[in-house]
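This report concerns only the one structure given below.
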Amino acid sequence: VGDVSSLLIDQLGELVTNDPDRAGGTAPDADPRLGRVSNAAVVVQDGRVVWVGSASDAPPADERFDADGAAAIPGFVDSHAHLVFAGDRSAEFAARMAGRPYTAGGVGVTVAATRAASDEQLRSQVSGLVEEMVRQGTTTVEIKSGYGLTVDDESRSLRVAQQFTAETTYLGAHVVPPEYADDPAGYVDLVTGPMLAACAPYARWIDVFCEGGAFDADQARAVLRAGMAQGLHPRIHANQLGPGPGVQVACEVGATAADHCTHLTDADVSALAAGGVVATLLPGVEFSTRSPYPDARRLMHAGVTVALATDCNPGTSFTTSMPFVIALAVREMGMSPAEAVWSATAGGAAALQRDDVGVLRAGARADLAVLDAPSHVHLAYRPGVPLATAFG
Ligand code: NIG
Ligand code: FE
């Protein structure tokens, strides 16, 4: 940042660009959307990509980094994460692994701990998790509120989040907090009224957990419409724990993304495809709740854009690792390594309506992940091995 000298990243054994202009007939096993270049080089300057191509054609630059045959990909775009929280729920995880089911009620435990935490504790928690992400190749992260659930605790959650990313999401409608247990309508009024007014200045997105035990379709519509009226862009937690109206609400309001999408009807899949709504799959959740995985192939077959994200949160998916998510998507959801890498990069960018990340071409942000491996396939082939690092 601020450095205007140019840097040549040279001798990349494989470069995944996700550039549609480079897409097309490479090896039969690879997704043509990856726009792969072998024996590649990239020139970056002042935080932007200025040139991409074959190493043999690379223009001169002020400095040179020799990648020595390593692969590089666009940095991961983790489009769904709940990083602003305090407290520990490992006992709940252990109980689940011993057979107890997950319910949305566990959110309340984290809400109590988050309310009791200082601003500095929250900031340092987010900072630590973002550092973990960067060490694993993530260069863009979305961060939600949703564990404060008061006007002050939601707005401070977003002020903290905003220190780390431009992709901040107001999730005051995560669950109805205990003090409103007898008056959920009153809580929706708070979320769509004073809480929204306090949070909108710090948020780009509005989100709601549309699920049994959280908010129903009418409440979800009211929350999203209120946020949209304040200039926020809609996204939703939908169809996570069971079938439900979340995906239809997403399509109705024109949400950018519907996240989870684990329990879908044929009508849901068609609506996502017709509406151009990105389906963000979060297999860390199914792993950590020992539940059936979403059907990625069914969505892709219908022409739905699929994103992959961590959903990093203390309840259902306490991982910061996009490579872990890729490995799950490949092993458990039938995605090819190429499809999973695309969904974790370009898919995430689509879920955040960003055209400057998730792609490596002139003008895009200089956000790369360099892999300690010769190809993107190794991200799934070598699960649990720290191969990806954000470059720069
Ligand atoms: O995305 N679905 C709602 N929220 C989180 C889990 C929240 C929690 O259990 O703390 C999720 O899975
Ligand atoms: Fe979530």
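The values are calculated or read from the model by the stated rules, or taken from the named source; none is laboratory data. Being a predicted model, the structure only gives us computed values, none of them experimental. Note that each Cβ is placed from the backbone with ideal geometry, even for glycine, and that neighbours are counted across all protein chains shown. In case anyone asks, the SASA skips ligands and DNA or RNA and just uses the protein heavy atoms, side chains included. Shrake-Rupley method; radii C 1.70, N 1.55, O 1.52, S 1.80 Å.
Number of residues in region 302-334 that are in a helix (DSSP H, G or I) and either in contact with a strand residue (DSSP E or B) (Cβ under 8 Å, 6 or more places away or on another chain) or within 17 Å of ALA258 (Cβ to Cβ) (or both): the value is 6.
To keep it simple, each residue is scored yes or no on (1) within 12 Å of ligand 1 (Cβ to nearest atom); (2) open to solvent by less than 10 Å² (accessible area, probe 1.4 Å); (3) touching a residue at least 60 places away in the same chain (Cβ under 8 Å).
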site: ALA271; (1), (2), (3): no, no, no
site: ALA279; (1), (2), (3): no, yes, no
site: ALA307; (1), (2), (3): no, yes, yes
site: THR320; (1), (2), (3): no, yes, yes
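Output the number of residues of region 110-137 satisfying the condition of being part of a helix (DSSP H, G or I) and more than 16 Å from ligand 2 (Cβ to nearest atom). Looking only at that region, the number is 18. Of the residues making up region 143-170, those that are hydrophobic (A, V, I, L, M, F, W, C), within 16 Å of ligand 1 (Cβ to nearest atom) and closer than 15 Å to ARG115 by Cα number 1.
Screening GLU92 with (1) in contact with a helix residue (DSSP H, G or I) (Cβ under 7 Å, 6 or more places away or on another chain); (2) over 19 Å from THR319 (Cα atoms); (3) within 12 Å of ligand 1 (Cβ to nearest atom) gives one miss only, at (2).
The rows are residues; the columns are (1) crowded, with 19+ Cβ neighbours inside 10 Å; (2) in a loop (DSSP other than H, G, I, E, B); (3) small (Gly, Ala, Ser).
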{"residue": "TRP342", "(1), (2), (3)": "yes, no, no"}
{"residue": "GLY348", "(1), (2), (3)": "yes, no, yes"}
{"residue": "VAL359", "(1), (2), (3)": "yes, yes, no"}
{"residue": "ALA362", "(1), (2), (3)": "no, yes, yes"}
{"residue": "SER375", "(1), (2), (3)": "yes, yes, yes"}
{"residue": "LEU379", "(1), (2), (3)": "yes, no, no"}
{"residue": "VAL385", "(1), (2), (3)": "no, yes, no"}
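Per-residue answers, yes or no, for (1) open to solvent by less than 60 Å² (accessible area, probe 1.4 Å); (2) of a type outside the set (A, V, I, L, M, F, W, C); (3) outside any loop (DSSP other than H, G, I, E, B); (4) modelled with pLDDT of 95 or more:
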residue	(1), (2), (3), (4)
ALA30	yes, no, no, no
ARG33	no, yes, yes, no
ASN39	no, yes, yes, yes
VAL49	yes, no, yes, yes
GLU92	yes, yes, yes, no
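Of note, PRO294 does not satisfy the criterion of being at pLDDT 95 or above and surrounded by fewer than 24 Cβ atoms within 10 Å (Cβ to Cβ). Counting the residues of region 51-89 that are touching a residue at least 60 places away in the same chain (Cβ under 8 Å) and either assigned to a helix (DSSP H, G or I) or of a type in the set (Ser, Thr, Tyr) (or both) gives 1.
With respect to (1) of a type outside the set (D, E, K, R); (2) at positive phi; (3) in contact with a Lys or Arg (Cβ under 6 Å, 6 or more places away or on another chain), the lone exception for GLY146 is condition (3).
The single residue among ALA267, ALA327 that is open to solvent by 10 Å² or more (accessible area, probe 1.4 Å) and either over 23 Å from GLY75 (Cα atoms) or free of Cβ contacts under 8 Å to residues at least 12 places away in the same chain (or both) turns out to be ALA267. One residue stands out among those in region 227-242 that are open to solvent by 20 Å² or more (accessible area, probe 1.4 Å) and modelled with pLDDT of 95 or more: the one that is nearest to THR168 (Cα to Cα), which is HIS233. Take the residues in region 144-188 that are part of a helix (DSSP H, G or I) and polar (S, T, N, Q), then tell me which one is most open to solvent (accessible area, probe 1.4 Å). Of everything passing the filter in region 144-188, GLN162 is most open to solvent (accessible area, probe 1.4 Å). Being within 29 Å of ARG290 (Cα to Cα), hydrophobic (A, V, I, L, M, F, W, C) and over 21 Å from the mean Cα position of the chain (by Cα) is the requirement here; does ALA181 meet it? So ALA181 fits the description; yes.
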